Amino acid sequence: MNLSKYLPMTETTYYILMALCEPGHGYAVMQKVEEMSEGRVRIAAGTMYGALENLGKQKLIAPVKSEDARRKMYQTTSEGRTVLQMEAQRLEHLLRVYKKMEEKE
Amino acid sequence: MRKLKVFLDFNEEESYLNDMARKGYLLKKYSTFGIYHFIEGEPQELTYKIDYKVFRNHADFEDYKALFEDAGWIHVYGTKLGGNQYFIPKNKGADNEIFSSRESAASRYKTFYNLCSINVAVAAMCIIAVLSTNGFNLSAFGFLTPGLWDMAGADFWRAFFFELPFVIFRLLGPILLIGMGVVYGYWGSKAKRTYDLQMKGCENR
């Protein structure tokens, strides 16, 4: 599968995939993302639900068994992990290039 | 109290419900084709938020409602297949949104547009099916009395009014189907335009 079509990622998607490296339900992800981003990225409920739906369709996350009867649990798949890694490398590169330019000045 | 209203813009619909709450009419139920059921209560400031979603099964619908409840919303009304999902914040006056990106807010219009397209396709197929029962002979839906149009005076009117109810009955189905196709086609095209417009706004950002 050609995973590079998922790049570049939105900040929201990037955080969700990171948050779901450990299994969690929608609201847990919302809280985790807010915490990870130090309150900067706050995902609203409707946006969260739509994002989980889309990531599920793209097979970057998958449902896992949930102890809660009402709330579905998801986890980042191995494809999701790969995409996350590719995005991190892309960002790292951007940062490196920027720092090089800064040093020159 | 019941009110018949059709909105093709979620923001306008939200403002309408907020206005009604200010007058003391609180949304209890929404039924298809735009009938809003209100109960009378304390006039109050509410901020309704509307999502548009249909669900494949009960578990998905419950999961959806649970997520909104966890995030501080009350699901006021909405059914698994009805589309419109109405929410108010648990804490009154909270300045909250159910969408944090313009793309996701715009996606409501896409869902609605897709649903309209399906309805138009269903209406078209039904019309074709009805027409095919008569071998696509359109005159078979009109007056069938032999020599009707050659009659004159009282004979004509008697025969005409005798058959009229049958003609109406024959035409009712196709006309309703055509009406359904036109209405959904119009709604769908409006929703598509709104969606494209909102997504264009996203690209330019």
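Each value in this text was obtained by applying a stated rule to the coordinates, not by laboratory testing. Just so it is clear, the structure is predicted and the values come from calculations on it, not from any experiment. Here Cβ is always computed from backbone atoms with ideal geometry, including for glycine, and neighbour counts include all displayed protein chains.
By average Cβ neighbour count within 10 Å, what is the ranking of B:134-142, B:62-70 from highest down?
Averaged packing, sorted descending, gives the order B:62-70, B:134-142.
Which log10 I(q)/I(0) values, to two decimals, does the protein assembly as shown give at q = 0.14 Å⁻¹ under the Debye formula with one point per Cα?
The Debye formula, applied to the Cα set alone, gives -1.15.
Running a GNM on chain B with Cα contacts under 10 Å, which residue among B:Ala159, B:Ala129, B:Ala121 ends up with the highest mean-square fluctuation?
B:Ala159
Partner chain Cβ atoms within 10 Å, averaged over the residues of B:67-74 - can you pull that number for me?
For this peptide, the per-residue mean of nearby foreign Cβ atoms is 6.
Specify the inter-centroid distance of segment B:66-101 and segment A:26-75, based on alpha-carbon positions, in whole Å.
Centre-to-centre (Cα) distance: 16 Å.
To check my understanding: the extent here is largest minus smallest coordinate of the Cα atoms along each principal axis. What are those three numbers for segment B:102-203, in Å, largest first?
Dimensions of segment B:102-203 along the principal axes of its Cα atoms: 69, 26, 16 Å.
Counting every Cα pair in chain B, what percent are over 29 Å apart?
44
Give the total of Lys-Lys pairs in chain A with Cα-Cα distances below 20 Å; include a pair only if its members are 8 or more places apart or on different chains.
Within chain A, the lysine pair count is 7.
Kirkwood Rh, segment B:2-89, all Cα pairs: how many Å?
Result for segment B:2-89 stands at 13.4 Å.
Give me Rg/Rg_expected for chain A, where Rg uses Cα atoms only and Rg_expected = 2.2 N^0.38 Å with N residues.
Cα Rg divided by the expected 2.2 N^0.38 Å: 1.19.
Express the relative contact order of chain B as a whole percentage, based on alpha carbon pairs under 8 Å and six or more residues apart in sequence.
18
Could you work out the relative contact order of chain A, using alpha carbon pairs under 8 angstrom and six or more residues apart, expressed as a whole percent?
Result for chain A is 31 percent.
Going by how many other Cβ atoms sit within 10 Å of their own, how do A:His25, B:His75, A:His93 line up, fewest first?
The most exposed by this proxy come first: A:His93, B:His75, A:His25.
Going Cα to Cα from B:Lys3, which lysines come in below 20 Å? Please leave out same-chain ones fewer than 8 positions away.
Cα-Cα hits under 20 Å: B:Lys23, B:Lys28, B:Lys29, B:Lys49.
Using a cut-off of 17 Å between alpha-carbon atoms, which lysines can reach B:Lys190, once sequence neighbours fewer than 8 places away in the same chain are excluded?
Candidates past the 8-residue exclusion: B:Lys5, B:Lys110, B:Lys200.
Among residues other than B:Gly147 whose Cβ falls under 14 Å from its Cβ, what is the net charge (Lys/Arg +1, Asp/Glu -1)?
Neighbourhood net charge equals -2.
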